[in-house]
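Here's the structure we're looking at; comments come further down.
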Amino acid sequence: MSDRQPSGFTYQQAGVDSKSGSRAKERIGNLVRRTYTDGVLGDFGHFGGMFRVPGDSSQVLVSSADSVGTKVLLAVHAGRHEGIGIDLVNHSVNDILCCGAKPLFFLDYFATSSLDEAVLTELVEGMSQACRTAGCALIGGETAQLPGIYKESTYDLAGFIVGSVTADQIIDGSRINAGQSIVGFKSNGLHTNGYSLARAVFGLDGDDQAGIRVRLEEFIPELDETLGDALLKPHTSYLSVISTYLESGSVAGLAHVTGGGIVGNLERIIPDSLTASIDIHAWQPGPLFHLIQSTGSIAASEMFDVFNMGIGFIAVMDRPLAEQLVEVESSAAIIGEIRESDPAEGRVELTGIDG
């Protein structure tokens, strides 16, 4: 992927200041840590919060909260909402999977200006479908009508998941060592991140609902599907494929590639003194990412900062298991390795990219 074209659209110009978000997380970290009790495991900033089950130190609950972001606006324009419910559950399942946990139960929060029962039903159908697939119970939620906060016909959707893992099966990156392989699992598109930039690039961020719907229904030869179909593909769940390898003991780290791209998420699990070296030529990002970059004249470095670039989930594991895995999993590829580094180097580097 070339970085030679002029830098056009950026995430910040689309309205998302990711650097400010990172600074805010750093500032609130100490406030969060002040609340920690003896049951808390791990530190602030991992993919899931871990808490020992009272009275049973061998069992650990893992939780996470997230939303679908501005992808919901495209769903509103297209009149297609079931996939958004799937998005929310699968995103949450992947987050706690990074700790080695399997889901137990899920709750949602739906907020809108005025309730459209058909929309809510479609969303719950999607969540229910994804929960059944994950072996997870949808046990409750909250529906809020908040006129004045939300625009008419729009909504926000957030999810809260709790899973469990035995203490000796926790995956937190502490067993990552030099010489291990990095395996990437393909995404099927943007999943649930980078939509503010994608909407700006394709002119889908205005108030012309009729015009946006026409644009979403346009068949794009490069994609071999409509733009709406490409952008609204539900977030992939990696639970079934990853679960097969969790008990091997050879999986040292897992990362869900969401906001912040490969670097921003993989560096959350890489220990000090090590660097994850990623070869961006080890896989093909897919036509949607190329279309976004060319349409918006976006620098490759910006693309990798914002989007998953075709890799939705990452596992760090011993080389023999990595080689065995990619032979049987068509969605997987070895995309890098762990090496020793000095303090001046970052935890993650992308090779084959300028800027």
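Residues are listed down the side, and each one gets a yes or a no for (1) without any contact (Cβ under 8 Å) to a residue 24 or more places away in the chain; (2) among the β-branched types (Val, Ile, Thr); (3) part of a strand (DSSP E or B):
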residue: GLN59; (1), (2), (3): no, no, yes
residue: SER64; (1), (2), (3): no, no, yes
residue: GLY69; (1), (2), (3): no, no, no
residue: VAL72; (1), (2), (3): no, yes, no
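Within segment 150-195, being open to solvent by less than 30 Å² (accessible area, probe 1.4 Å), hydroxyl-bearing (Ser, Thr, Tyr), closer than 28 Å to SER128 by Cβ and not in a loop (DSSP other than H, G, I, E, B) holds for TYR155, TYR195.
Looking only at segment 37-55, which residues are surrounded by 14 or more Cβ atoms within 10 Å (Cβ to Cβ) and either at pLDDT below 90 or outside any loop (DSSP other than H, G, I, E, B) (or both)? Within segment 37-55, VAL40, LEU41, GLY42, PHE44, HIS46, GLY49, MET50, PHE51, ARG52 qualify. Is it fair to say SER243 is surrounded by fewer than 20 Cβ atoms within 10 Å (Cβ to Cβ), touching a residue at least 40 places away in the same chain (Cβ under 8 Å) and in a strand (DSSP E or B)? Answer is no for this residue. In segment 165-176 there is at least one residue that is closer than 30 Å to ASP272 by Cα and among the basic types (Lys, Arg). Listed conditions (1) open to solvent by less than 10 Å² (accessible area, probe 1.4 Å); (2) closer than 27 Å to PHE110 by Cα; (3) assigned to a strand (DSSP E or B) are all met by LEU204, apart from (3). Here LEU104 meets the list (1) part of a strand (DSSP E or B); (2) in contact (Cβ under 8 Å) with a residue 60 or more places away in the chain; (3) open to solvent by less than 10 Å² (accessible area, probe 1.4 Å) almost entirely, failing just condition (3). Which of the residues belonging to segment 71-93 are closer than 15 Å to SER196 by Cα and touching a Ser or Thr at 6+ places or on another chain (Cβ under 9 Å)? LYS71, VAL72, LEU73, VAL76, listed by residue number. Against the definition (part of a helix (DSSP H, G or I), at pLDDT 95 or above and either within 27 Å of LEU204 (Cα to Cα) or in contact with a helix residue (DSSP H, G or I) (Cβ under 8 Å, 6 or more places away or on another chain) (or both)), how does PHE313 come out, yes or no? So PHE313 does not fit the description; no.
Within this structure, ASP116 fails the test of being of a type outside the set (Gly, Ala, Ser), touching a strand residue (DSSP E or B) at 6+ places or on another chain (Cβ under 9 Å) and under 26 Å from LEU97 (Cβ atoms). What number of residues within segment 316-355 are in a strand (DSSP E or B) and either among the acidic types (Asp, Glu) or under 14 Å from ALA282 (Cα atoms) (or both)? Here the count works out to 10. The set of residues in segment 121-146 that are farther than 15 Å from VAL93 by Cβ, in contact (Cβ under 8 Å) with a residue 24 or more places away in the chain and in a helix (DSSP H, G or I) comprises GLU122, LEU123, VAL124, GLU125. Within segment 107-124, being among the hydrophobic types (A, V, I, L, M, F, W, C) and open to solvent by less than 20 Å² (accessible area, probe 1.4 Å) holds for PHE110, ALA111, LEU123. For the residues SER237, SER250, the requirement of being within 30 Å of THR351 (Cα to Cα), buried (at least 19 other Cβ atoms within 10 Å of the Cβ), more than 17 Å from the chain's Cα centre (by Cα) and not aliphatic (A, V, I, L, M) singles out SER250.
The one condition from (1) at pLDDT 95 or above; (2) touching a helix residue (DSSP H, G or I) at 6+ places or on another chain (Cβ under 8 Å); (3) surrounded by fewer than 19 Cβ atoms within 10 Å (Cβ to Cβ) that SER58 does not meet is (1). Criterion applied to SER297, SER330 was being surrounded by fewer than 17 Cβ atoms within 10 Å (Cβ to Cβ) and free of Cβ contacts under 8 Å to residues at least 12 places away in the same chain, and the one residue passing it is SER330. Do we find that ALA276 is touching a Leu at 6+ places or on another chain (Cβ under 7 Å) and either modelled with pLDDT of 95 or more or crowded, with 17+ Cβ neighbours inside 10 Å (or both) in this structure? It is true that ALA276 is touching a Leu at 6+ places or on another chain (Cβ under 7 Å) and either modelled with pLDDT of 95 or more or crowded, with 17+ Cβ neighbours inside 10 Å (or both).
The values are calculated or read from the model by the stated rules, or taken from the named source; none is laboratory data. On a predicted model such as this, the values are computed, not experimentally measured, just so you know. Cβ: placed from backbone, ideal geometry, glycine included. Neighbour counts: every protein chain shown. Just the protein is used for accessible areas: all its heavy atoms, side chains included, with ligands, DNA and RNA removed. Shrake-Rupley method; radii C 1.70, N 1.55, O 1.52, S 1.80 Å.
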